[in-house]
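Enquirer: Below are the structure tokens for one structure; questions will follow.
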Amino acid sequence: MAEETYPEDLRYHREHDWVRVEGDEAIFGITWFAQDALGEVVFYEPPAVGSTVSADATYGELESVKAVSDIYAPADGEVIAINDAVVASPGLVNSDPYGEGWLLRVRLTNPDAVSGLMDQAAYTAYLAGLGDA
Amino acid sequence: MSEYTSLTPEDLAEMLATIGVTSIDELLGAIPDDVRLQVPLNIPAGRPEQEVVAHLRQLAERNTSADDEITFLGGGMYDHYSPALIESIILRSEFLTPYTPYQPEISQGGLQAMFEYQTAISELTGLPISNASLYEGPSAVASAAYMSKLTNERPEFVVSRGLHPHARQTLATVAHGWGGRVVEVDLANGVTDLTELAELVGPNTCAVIVQQPNFLGAVEDLSAISQIAHAAGAVPICSADPLTLGVLEAPGNQGIEICVGEGQTLGNRLDFGGPSFGFLAASAHHMRRMPGRIAGQTTDVDGRRGFVLTLQTREQHIRREKATSNICTSQALNALAGVMYLAWLGREGLPELGELLMQRTAYARMQLAALDGVELLHDQPVVREFAVRLDAPVDRVIAACQDRGVNPGLALGHEYPEYENGLLVAITEQRSRSDIDTLVRVLGEVVAEIVGSRAGAGVAG
């Protein structure tokens, strides 16, 4: 299990998804908080390459030993790759949520919109707020 | 006061006093008059238990059971022999009385029975994953269709008219709920018209659904049907009669991805149409979309063999509105009868029974086809059911045969207007060669009489 971290170079969605922008492309995954809440991930159901994903809408499912959860897209885009390594070994989401455990690579439809998402400071504050609730 | 419940006038007065009203009318006073029933319910007065039992017995005597006549009625439910062994096991209170176990792992015997059942269904269908059973055949077809909908999200189901009419009706009803359309493919010489099928299947086709053997008893070419489905990216689904799978190739070995069916033929009595069970088996990549429960084999902390319910994360008590189905249960007792029946027959008994059925059915088919006024509706290979066309009104023929102690089969024209005067004849191991000879004699006499009287009337006119 990975240490609790929230890298500075990522942007965060309130459903506990992260996005790493690389030019007009981006990588999606779920945060340490999300994988910790899910528990041991046993199955990843990705969308089809070539399909479109919309910000705030679900694009796939992660199943843990406890539950099946929807994964939310933090931004609009077209799917250009899925992480086959996670399909084969879903536990990568737990062991390396920001690295080998990435879920989706997309071509962003609207790269500027990503700056509207939470940065590291805002997301950790948001998590602290969840703890208080 | 009610004559069906034990409430006394004193009970009633006490209850009304407790809530502070003086009468039932006052209690219901808030309900507007125009929506209230102003007359007493039309229910007869209470009667002594003995009288009620006598009355029920009289009603029951108006039924004709498969024991009262020599029956060749099939069309989805069949008069196979259910050995006494089955009743003695399913009536054990450990199996008979429990409701769905909320702590299922406590009931290791129940889970093991499910696991053995799943193993048997998996072997019969040639598909690696089976659930622990569904309600019955038609809803199992609808469940398979919904699985394929979850797989490719396409809107159209191309369905053979060889699929049981009840299954087609159930599918149409259920598919309506998720915006699915059902398109039917005609039969040609008794089997699914592959040319028409290939024309109808396309990029909008979610699944192709056929039945093996089909409603007319004919054996379908599942490999050819699977190929047509796969070429368009559609899911090939087959509803199969499990009892015939001892002699027919397993659907899973012919490209079928989801195989479902009615389990009645496996050790479940007719019982006026139910209850029975449905089965559902699928290829591995459909595993996470399968409805219902699945028992899995595992080991406990000490390494001993044990059984658990698995993949429950997909069920409605966890997944709510996104559950793969709202069936979180199974027809465990009826499915248990099914697996006991298969164990009773054994690996050799099941194909032997299939061969016996084929021989008797071939004999009956040949004898009936030789009668004047009777011809085969199709000449496809069959296992235990076949269809003929009569030269006389089929309903009249059936009634006249029943008067002579023989039920010759099912009139096809009600569900299949294209087969007016079609008769579907089913043979089970309970119908001896002499029973079949009786059928041939009686049907031959009745058809000859009706045709003869018509000819006579024609001469007189």
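Enquirer: Being within 14 Å of another protein chain (Cβ to nearest Cβ) and either under 17 Å from A:ALA67 (Cα atoms) or crowded, with 22+ Cβ neighbours inside 10 Å (or both), is that true of even one residue in the range B:338-355?
Expert: In the first step, residues of the range B:338-355 are kept if they are within 14 Å of another protein chain (Cβ to nearest Cβ); the result is none.
So far as the range B:338-355 goes, no, none of its residues is within 14 Å of another protein chain (Cβ to nearest Cβ) and either under 17 Å from A:ALA67 (Cα atoms) or crowded, with 22+ Cβ neighbours inside 10 Å (or both).
Enquirer: Please indicate, with yes or no, whether at least one residue in the range B:58-80 is among the polar types (S, T, N, Q), within 30 Å of B:LEU216 (Cα to Cα), in contact (Cβ under 8 Å) with a residue 60 or more places away in the chain and surrounded by fewer than 10 Cβ atoms within 10 Å (Cβ to Cβ).
Expert: Yes, because at least one residue in the range B:58-80 is among the polar types (S, T, N, Q), within 30 Å of B:LEU216 (Cα to Cα), in contact (Cβ under 8 Å) with a residue 60 or more places away in the chain and surrounded by fewer than 10 Cβ atoms within 10 Å (Cβ to Cβ).
Enquirer: If you don't mind, there's one more thing I want to ask. Mind listing just one residue for me: the one in the range B:150-171 that is within 20 Å of the chain's Cα centre (by Cα) and of a type in the set (A, V, I, L, M) and, of those, nearest to B:GLY190 (Cα to Cα)?
Expert: B:LEU163
Enquirer: Something else about it: What single numbered condition from (1) within 24 Å of B:GLY409 (Cβ to Cβ); (2) surrounded by fewer than 19 Cβ atoms within 10 Å (Cβ to Cβ); (3) not polar (S, T, N, Q) fails to hold for B:ALA198?
Expert: (1)
Enquirer: Is there a residue being within 11 Å of the chain's Cα centre (by Cα) and assigned to a helix (DSSP H, G or I) anywhere in the range A:88-105?
Expert: yes
Enquirer: Another one. Quick one: how many residues across the range A:59-93 are closer than 17 Å to A:LEU117 by Cβ, within 14 Å of another protein chain (Cβ to nearest Cβ) and out of contact with any Ser or Thr (no Cβ under 7 Å at 6 or more places or on another chain)?
Expert: 1
Enquirer: Out of B:ALA323, B:ALA332, I need the residue that is within 14 Å of chain A (Cβ to nearest Cβ) and under 25 Å from B:TYR135 (Cα atoms). Which one? Give the steps one after another, and end with the answer.
Expert: On the way: B:ALA332 fails: within 14 Å of chain A (Cβ to nearest Cβ).
Unique residue meeting the criteria: B:ALA323.
Enquirer: Return yes when A:SER54 is of a type in the set (S, T, N, Q), touching a Leu at 6+ places or on another chain (Cβ under 6 Å) and either without any contact (Cβ under 8 Å) to a residue 24 or more places away in the chain or within 14 Å of chain B (Cβ to nearest Cβ) (or both) and no when it is not.
Expert: Details: of a type in the set (S, T, N, Q): yes; touching a Leu at 6+ places or on another chain (Cβ under 6 Å): no; either without any contact (Cβ under 8 Å) to a residue 24 or more places away in the chain or within 14 Å of chain B (Cβ to nearest Cβ) (or both): yes.
Judged against the criteria, A:SER54 is not a match.
Enquirer: Residues being of a type in the set (Gly, Ala, Ser) and surrounded by fewer than 18 Cβ atoms within 10 Å (Cβ to Cβ): count how many of those fall in the range B:388-434.
Expert: At the first step, the residues of the range B:388-434 found to be of a type in the set (Gly, Ala, Ser) are B:392, B:399-400, B:405, B:409, B:411, B:413, B:422, B:426, B:432, B:434.
Subsequent filtering for residues that are surrounded by fewer than 18 Cβ atoms within 10 Å (Cβ to Cβ) retains B:399, B:405, B:413, B:432, B:434.
Here the count works out to 5.
Enquirer: Restricting the range B:279-297 to residues that are of a type in the set (Gly, Ala, Ser) and touching a helix residue (DSSP H, G or I) at 6+ places or on another chain (Cβ under 6 Å), which is modelled with the lowest pLDDT? Walk me through it before giving the result.
Expert: Let us first name the residues in the range B:279-297 that are of a type in the set (Gly, Ala, Ser), namely B:281-284, B:292, B:295-296.
With touching a helix residue (DSSP H, G or I) at 6+ places or on another chain (Cβ under 6 Å) added as a condition, the list becomes B:281, B:295.
Numbers: B:ALA281: 98, B:ALA295: 92.
Result: B:ALA295.
Enquirer: Checking the structure you have, find out if any residue of the range A:42-51 is within 12 Å of chain B (Cβ to nearest Cβ) and of a type in the set (Phe, Trp, Tyr).
Expert: First, pick out the residues of the range A:42-51 that are within 12 Å of chain B (Cβ to nearest Cβ): A:42-45, A:47-48, A:51.
Applying the additional criterion that residues be of a type in the set (Phe, Trp, Tyr) yields A:43-44.
Yes.
Enquirer: Still on this structure, please answer the following. From B:GLY267, B:GLY354, grab the single residue that is touching a helix residue (DSSP H, G or I) at 6+ places or on another chain (Cβ under 7 Å), over 30 Å from A:GLU61 (Cβ atoms) and either outside the structural domain of B:ALA240 (by TED's automatic domain parsing) or among the aliphatic types (A, V, I, L, M) (or both).
Expert: Values: B:GLY267 fails: either outside the structural domain of B:ALA240 (by TED's automatic domain parsing) or among the aliphatic types (A, V, I, L, M) (or both).
Exactly one of B:GLY267, B:GLY354 is touching a helix residue (DSSP H, G or I) at 6+ places or on another chain (Cβ under 7 Å), over 30 Å from A:GLU61 (Cβ atoms) and either outside the structural domain of B:ALA240 (by TED's automatic domain parsing) or among the aliphatic types (A, V, I, L, M) (or both), namely B:GLY354.
Enquirer: Taking the range B:361-380, which residues are in contact with a Lys or Arg (Cβ under 6 Å, 6 or more places away or on another chain) and over 19 Å from B:ARG441 (Cβ atoms)? Outline the logic, then answer.
Expert: Our first condition is that a residue be in contact with a Lys or Arg (Cβ under 6 Å, 6 or more places away or on another chain); within the range B:361-380, this holds for B:361, B:375, B:377.
Hit for the range B:361-380 is B:LEU377, nothing else.
Enquirer: Within the group A:TYR59, A:TYR44, A:TYR12, which residue is crowded, with 22+ Cβ neighbours inside 10 Å, closer than 16 Å to A:THR109 by Cα and not charged (D, E, K, R)?
Expert: Numbers: A:TYR44 fails: closer than 16 Å to A:THR109 by Cα; A:TYR12 fails: closer than 16 Å to A:THR109 by Cα.
The match here is A:TYR59.
Enquirer: Then there's this: How many residues does the range B:181-190 hold that are assigned to a loop (DSSP other than H, G, I, E, B) and either touching a Leu at 6+ places or on another chain (Cβ under 7 Å) or at pLDDT below 95 (or both)? Can you show your working first?
Expert: So in the range B:181-190, the residues assigned to a loop (DSSP other than H, G, I, E, B) come out as B:186, B:189-190.
Filter once more, so that each one left must be either touching a Leu at 6+ places or on another chain (Cβ under 7 Å) or at pLDDT below 95 (or both): B:190.
Total satisfying the criteria: 1.
Enquirer: Quick test of your reading of the structure: A:ASP76 fulfils all but one of (1) in contact (Cβ under 8 Å) with a residue 24 or more places away in the chain; (2) exposed (fewer than 14 other Cβ atoms within 10 Å of the Cβ); (3) among the charged types (D, E, K, R). Name the failing condition by number.
Expert: So A:ASP76 meets the others, but not (2).
Enquirer: Going by the structure shown, is B:ILE43 aliphatic (A, V, I, L, M) and in contact with a helix residue (DSSP H, G or I) (Cβ under 8 Å, 6 or more places away or on another chain)?
Expert: On the way: aliphatic (A, V, I, L, M): yes; in contact with a helix residue (DSSP H, G or I) (Cβ under 8 Å, 6 or more places away or on another chain): no.
In short, no.
Enquirer: Now for a different question. Does B:LEU311 count as in contact with a strand residue (DSSP E or B) (Cβ under 7 Å, 6 or more places away or on another chain) and either within 14 Å of chain A (Cβ to nearest Cβ) or modelled with pLDDT under 90 (or both)?
Expert: Working: in contact with a strand residue (DSSP E or B) (Cβ under 7 Å, 6 or more places away or on another chain): yes; either within 14 Å of chain A (Cβ to nearest Cβ) or modelled with pLDDT under 90 (or both): yes.
Spelling it out, B:LEU311 is indeed in contact with a strand residue (DSSP E or B) (Cβ under 7 Å, 6 or more places away or on another chain) and either within 14 Å of chain A (Cβ to nearest Cβ) or modelled with pLDDT under 90 (or both).
Enquirer: If you don't mind, another one. With in contact with a strand residue (DSSP E or B) (Cβ under 9 Å, 6 or more places away or on another chain) and either more than 14 Å from every other protein chain (Cβ to nearest Cβ) or aliphatic (A, V, I, L, M) (or both) as the only criterion, which of A:PHE33, A:PHE28 stands out?
Expert: Values: A:PHE33 fails: in contact with a strand residue (DSSP E or B) (Cβ under 9 Å, 6 or more places away or on another chain).
Answer to the check: A:PHE28.
Enquirer: Still on this model: Output the residues belonging to the range B:285-310 that are small (Gly, Ala, Ser) and surrounded by fewer than 17 Cβ atoms within 10 Å (Cβ to Cβ).
Expert: The first filter runs over the range B:285-310 and keeps only residues small (Gly, Ala, Ser), leaving B:292, B:295-296, B:303, B:306.
Those that are small (Gly, Ala, Ser) and surrounded by fewer than 17 Cβ atoms within 10 Å (Cβ to Cβ): B:GLY296, B:GLY303, B:GLY306.
Enquirer: When the residues of the range A:89-112 are filtered to those that are modelled with pLDDT under 95 and loosely packed, with under 14 Cβ neighbours inside 10 Å, which remaining residue is farthest from A:LEU10 (Cα to Cα)?
Expert: Per the stated criteria, the residue is A:ASN110.
Enquirer: Of the residues in the range B:133-149, how many are within 14 Å of the chain's Cα centre (by Cα) and more than 29 Å from B:LEU333 (Cβ to Cβ)? First the steps, then the outcome.
Expert: Step one: list which residues in the range B:133-149 are within 14 Å of the chain's Cα centre (by Cα), which gives B:133-143.
Still in the list and also more than 29 Å from B:LEU333 (Cβ to Cβ): none.
The qualifying residues number 0.
Enquirer: Looking at the range B:404-423, I want the residues that are outside the structural domain of B:GLY190 (by TED's automatic domain parsing) and among the small types (Gly, Ala, Ser) and have a partner that is surrounded by fewer than 15 Cβ atoms within 10 Å (Cβ to Cβ) and in a helix (DSSP H, G or I) with Cβ atoms under 6 Å, at least 6 apart or on another chain. Which pairs are those?
Expert: B:ALA411/B:ASP395
Enquirer: So, one more: Just one of (1) of a type in the set (D, E, K, R); (2) more than 28 Å from B:THR151 (Cβ to Cβ); (3) at pLDDT 95 or above trips up A:GLU3, so point out which.
Expert: (3)
Enquirer: Does at least one position in the range B:409-428 carry a residue that is of a type in the set (A, V, I, L, M) and more than 30 Å from B:THR192 (Cβ to Cβ)?
Expert: At the first step, the residues of the range B:409-428 found to be of a type in the set (A, V, I, L, M) are B:410-412, B:423-427.
In the following step, the residues that additionally are more than 30 Å from B:THR192 (Cβ to Cβ) were identified as none.
Scanning the range B:409-428, I find no residue that is of a type in the set (A, V, I, L, M) and more than 30 Å from B:THR192 (Cβ to Cβ), so the answer is no.
The values are calculated or read from the model by the stated rules, or taken from the named source; none is laboratory data. As the structure is a computational prediction, the values presented were derived from the model and not from experiment. Methodologically, a virtual Cβ is constructed for each residue, glycine included, from the backbone with ideal geometry; neighbour enumeration extends over all protein chains shown.
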